[in-house]
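The values are calculated or read from the model by the stated rules, or taken from the named source; none is laboratory data. Since this is a predicted model, take the numbers as computed values, not measurements. Cβ coordinates were reconstructed from backbone atoms using ideal geometry, including for glycine residues, and neighbour counts include every protein chain displayed. Note: areas computed on protein heavy atoms with side chains; ligands, DNA, RNA excluded. Shrake-Rupley method; radii C 1.70, N 1.55, O 1.52, S 1.80 Å.
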Amino acid sequence: MSKPIIFIPACHLTKSPVNVRKRSDPRADAELEASIASHGLLQNLVAVPVARKKGEYRITAGGRRLDAIHRLIEKSVFPADYEVPVHILVNARDGREVSLAENYDRLQMNPAEECRAFRDLIEVEGRTPAEIAKRFGIEERFVHGRLRLANLAEPIFDALEADEITLDIAKAYATTADTCRQTAVWELLRNSYSRDNVHEIRRSLNGYSYRASDPKALLVGRDAYIAAGGRVEDADLFSTAADERWIDTHVLDDLADARLAAEAELIREREGIGEVRIVAGQRIPYMETYALEPLSGVPEPLTEAEETRKQEIEQEIAVIEQLYEDADYQPEAEDEARYTTLQTELAAIVDRVPVVAPEQKASALAYVMLAPDGTPHVHHQLYVAPVVEEEGDEVRGEGDDEAVDELTGTSAVEDDRPAISQRLRDMLAMMKTELLAVHVASDPAFALDLGTFIMVDRECRYAGCEVPSELRASEPSRLLGDFKPETSAAAEWTRLDEALDRSWTKHKPVEERYDAFCALGDEARAAWLGWAIARTLHAVPDGRHGAGFLNHLGRKLGIDVAAWWRPTALTYFDKLTKPGILALFEEIGGAELRARYAGSKKHDLAASAERLFSGNVVVEHDYLKRALAWLPDGMRFTPLEEDGSSMILDEIEEGMAPVEDDVEDDAEAADNTEIVQAA
């Protein structure tokens, strides 16, 4: 029972000790104070009368609002007699429960709702971000941030609104205002393991732009970039670092490649290098050089003076080392320092930097790359320039205009060709691969052979980086690395593995291995495909994500688990407690069968259970049928209530031979009979 809402001067109100909210946040309190100052008190307070003090009330719900009003009165924002609406509780005992209900039953606004509300205040009501920030007691930067979120690409904003992504993920996408870039990264990551990784989202977005401190940007310069039509994006609203980004990556790439190519040509002419390739970055991609042969220079010979000094040092070191061999010798500190100095001086003479001769440079391949400050420089490692052998070329005579130079392996025409940028090389590679992909996709039989070869070649540890494909058939990690049961399925897998035709693996070049694989018979290639696909399946315990699909595959294949697998002490019963094993006996033969084995020790009980559930024990006919059909839930592809257990039992009964009463000729059966009778 409560009285109607009445207006009471704030000076007659104090917070009640039964108010359940004990802590607060200064920033949130400041925002609440600003909101009340701008909009007034939108929600009434809840109070109980103070005993023996007429007109005085204690607030049980709304203590933060009351504190904000008192502060506003102190600041003269509100008058001293400012009245607030208060809901009066008749029963003071209800105060704590009402306070809990008001604070507990409260739904926080979805960030998407906040974003849309701020946007509507500006676009519909004509407010400015500064006005909104002042009226809600928040920073103007926060308002701009919510506006940036409101302008997210549609699929990302919809995901935020549906609580499919967190606010932090939305902020990561909002680090750029380019919705096309947002959408591209969203589609790239939405189904990957990195979809919730804020750092990966930012990294992917940054791949569509360059920092002003990037070596490419430093090489080209801001003025040249803007003059070519490039756009600059201000620092994002969710980062503390004030750093701009250059968002027209293709403009910067083209300018950097052109500038770097020109510098590379000057370096080639100045250094006398046979071929120069450019890499618009600080590192050379591994795939660029893995097949190239490094060019080793020759150390310069020692001068006569250096050779003489080398011999003197070696003689002095030999004397010192001979002294060290004497057990009674106690070296002084200056002796040890002298020894170290001699070793350092000798190393400086002997360890000479190899020098590449001019004739070696003429046949060398060099990479021109960027330093962190954007300066072009030649990578320290030179390589032997590859010789491109055109198929079908006839041997040229001595009089040919384009005779191949024996030293460089390139023609005179090729020597004058301009340096090709890394970007252009990548563009050509992409277009050529697209052409190849279209033809592979148009020939399913070819694609099947190619896919099978790529998977098995890589897993046979021959491929390495030779096959440029992301296709994998990697075997997943085992749930239990030390558990390798000797089951029927494991034995069959070994047989299948050993039966595979591995004749094609004897060839070393990948091209020859591929041709040899394609030359195998249909059955041999199909066996490799089955092997590659099957080994990728993960072991997933029931109840976890993916287990349902594995069960569906088992049902679709019609796998008879009981025919392939029976529980043994090693694979099942040893991992159960004694009461657990006895419960299985009771499930098979009731309390009577359980009582037979109740006196057995755990080890003997597990062995008896193995014999019972594999049918190697003399026991009642009905018990044996149930034991041979029983499976633990973790081994079933079909739930127990759906697998038609009665049909399985009928099939077992029809195929079983009668159990003979006289089994004395079977020693194991006789022993088991004695165990049962003794129990």
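Where the centre of each part is set by its Cα atoms, how far does the range 554-615 sit from the range 52-90, in angstrom? When both Cα centres are located, 73 Å separates them. A 1.4 Å probe run over the protein chains yields, for the range 1-83, 62 Å² of accessible area per residue, whole-number rounding.
Using the Cβ-Cβ distance between Asp542 and Val384 with R0 set to 60 Å, the FRET efficiency works out to roughly 0.55. Here r is the Cβ-Cβ distance between Ala595 and Glu498 and R0 is 56 Å; the resulting FRET efficiency, rounded to 0.05, is 0.70.
Within straight-line reach of Lys601, meaning a Cα separation under 20 Å, sit the following lysines at least 8 residues removed in sequence or on another chain: Lys575, Lys578. Counting 0.36 nm for each residue step from Lys506 to Glu271 and taking away their Cα separation leaves a gain of 80.2 nm. Shape class of the range 124-242 from the alpha-carbon gyration tensor: oblate, with a/c at 1.5 or above and b/c at least as large as a/b.
Can you tell me which lysines have their Cα less than 27 Å from the Cα of Lys134? Leave out same-chain residues fewer than eight positions away. Of all the lysines, those that pass the test against Lys134 - Cα under 27 Å, at least 8 places apart if same chain - are Lys75, Lys171. Solvent-accessible surface of the range 170-212, averaged per residue with a 1.4 angstrom probe and all protein chains in place: 54 square angstrom. Within the full protein context, the accessible area of Tyr597 is estimated at about 10 Å² for a probe radius of 1.4 Å.
What part of the accessible area of the range 1-62, given as a whole %, is carbon or sulfur when the probe is 1.4 angstrom?
55 percent
One decimal place: the segment Phe549-Glu314 gains 77.2 nm when fully extended, by the rule 0.36 nm per residue minus the C-alpha distance.
Residue order by solvent-accessible surface for Trp531, Trp504 is Trp531, Trp504, largest first, with ligands and nucleic acids left out and a 1.4 Å probe.
What part of the accessible area of the range 114-246, given as a whole %, is carbon or sulfur when the probe is 1.4 angstrom? After summing per-atom areas, the C and S share lands at 48 percent. With the simple model of a label 7 Å out from the Cα in the direction of the Cβ, Glu321 to His621 spans 9.2 nm. Taking all protein chains together and a 1.4 Å probe, the residues Leu42, Leu382 rank Leu42, Leu382 from largest to smallest accessible area. Length gained on full extension, Ala28 to Ala445, computed as 0.36 nm times the residue gap minus the Cα-Cα distance: 143.6 nm. A simple spin-label model places the labels of Arg119 and Ile226 3.0 nm from each other, with each point 7 Å out along Cα-to-Cβ. For the range 34-131, the square roots a ≥ b ≥ c of the C-alpha gyration tensor eigenvalues yield an a/c of 1.5 or more together with a/b not exceeding b/c, which makes the shape oblate.
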